[in-house]
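First comes the structure, then the notes that go with it.
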Amino acid sequence: MAVSDAPLGDAPLGIDELLERVRAGLDRVDARTAYEAYAAGDALLVDTRYAALRERDGLVPGALVVERNELEWRLDPLGSHRVPEADSHDLRIVVFCNEGYASSLAAESLRRLGLHRATDLIGGFQAWKSAGLPVLPPTATDTAGTSGTTDTTDTTGTTDTTGQDLSGGPEQDGP
């Protein structure tokens with residue numbers, strides 16, 4: 001049963017129980033599987049880490065950066081503020097945060113929008129990095145304005161690692 005299907009009047013859940021229930025409804029993927037799906041063109045990687053973590057640890061090449069507070073507005077295929085990649089409810093989205101906790105909740109929220117293939121990366125960015133998968137080093141993000149590989153000066157919280165401007169749309173807290 002999805003968390004949203006719980007009958008009204010049930011006792012409140014603690015975050016650990018909520019996370020357990022949410023994860024039971026996801027087909028979570030490990031770093032290698034996420035990488036292979038992305039490389040095959042079968043998945044959109046979405047980095048929801050906040051700017052300080054991206055600047056400290058680097059970026060996953062090709063991942064779309066959408067800070068958590070804008071995720072639903074940017075990935076809803078029916079939304080007026082969606083990114084160009086969010087063109088179908090059949091899109092396979094692999095969300096990742098720093099360690100794989102917040103991304104589980106984010107993926108469940110996307111599923112509520114009808115993105116039935118949304119899931120998250122077990123262990124988040126740290127698992128990706130530990131698996132030895134490609135990461136643009138923090139220095140690459142610091143010099144992004146001249147390299148054209150990414151943009152960490154974006155104030156909307158939405159960029160991709162190719163430097164595409166995804167500004168516009170709702171404010172940081174949504175519409």
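Of all the residues that make up the range 31-52, how many are outside any loop (DSSP other than H, G, I, E, B), under 21 Å from residue 108 (Cα atoms) and small (Gly, Ala, Ser)? Outline the logic, then answer.
So the first thing to find is which residues in the range 31-52 are outside any loop (DSSP other than H, G, I, E, B), and the list is 31-39, 44-47, 51-52.
In the following step, the residues that additionally are under 21 Å from residue 108 (Cα atoms) were identified as 31, 33-35, 37-38, 44-47.
Retained after the next criterion (residues that are small (Gly, Ala, Ser)): 31, 34, 37.
Selection size over the range 31-52: 3.
Residue 65 meets the conditions (1) more than 23 Å from residue 126 (Cα to Cα); (2) of a type in the set (A, V, I, L, M); (3) modelled with pLDDT of 95 or more in every case but one. The failed one is (1).
I need the full set of residues from the range 93-102 which are more than 15 Å from residue 129 (Cβ to Cβ) and either touching a Ser or Thr at 6+ places or on another chain (Cβ under 8 Å) or not in a loop (DSSP other than H, G, I, E, B) (or both), in order please.
Quick first cut of the range 93-102, residues more than 15 Å from residue 129 (Cβ to Cβ) only: 93-95, 101-102.
Hits for the range 93-102 are 93, 94, 95, 102.
Just one of (1) under 20 Å from residue 31 (Cβ atoms); (2) assigned to a loop (DSSP other than H, G, I, E, B) fails for residue 126. It is (2). Sub-8 Å Cβ pairs linking a first residue in the range 53-75 that is closer than 19 Å to residue 111 by Cβ to a second residue that is part of a helix (DSSP H, G or I) and open to solvent by less than 10 Å² (accessible area, probe 1.4 Å), at least 6 apart or interchain, are 66/74; 66/75; 68/106; 71/106; 71/110; 72/110; 75/110, ordered by first then second residue.
Within the range 23-50, being closer than 21 Å to residue 82 by Cα and either free of Cβ contacts under 8 Å to residues at least 12 places away in the same chain or open to solvent by less than 30 Å² (accessible area, probe 1.4 Å) (or both) holds for 41, 43, 44, 45, 46, 47, 48, 49.
For the range 97-124, a tally of residues being open to solvent by less than 50 Å² (accessible area, probe 1.4 Å) and either modelled with pLDDT under 95 or out of contact with any Lys or Arg (no Cβ under 7 Å at 6 or more places or on another chain) (or both) returns 11. Here residue 81 meets the list (1) touching a Gly at 6+ places or on another chain (Cβ under 7 Å); (2) surrounded by fewer than 15 Cβ atoms within 10 Å (Cβ to Cβ) almost entirely, failing just condition (2).
The values are calculated or read from the model by the stated rules, or taken from the named source; none is laboratory data. Please read these numbers as outputs of a predicted model, since none were measured by experiment. Virtual Cβ from ideal backbone geometry, glycine too; neighbours counted across all protein chains shown. Ligands, DNA and RNA are stripped out before the accessible areas are found, and what is left, the full protein with its side chains, is counted by its heavy atoms. Shrake-Rupley method; radii C 1.70, N 1.55, O 1.52, S 1.80 Å.
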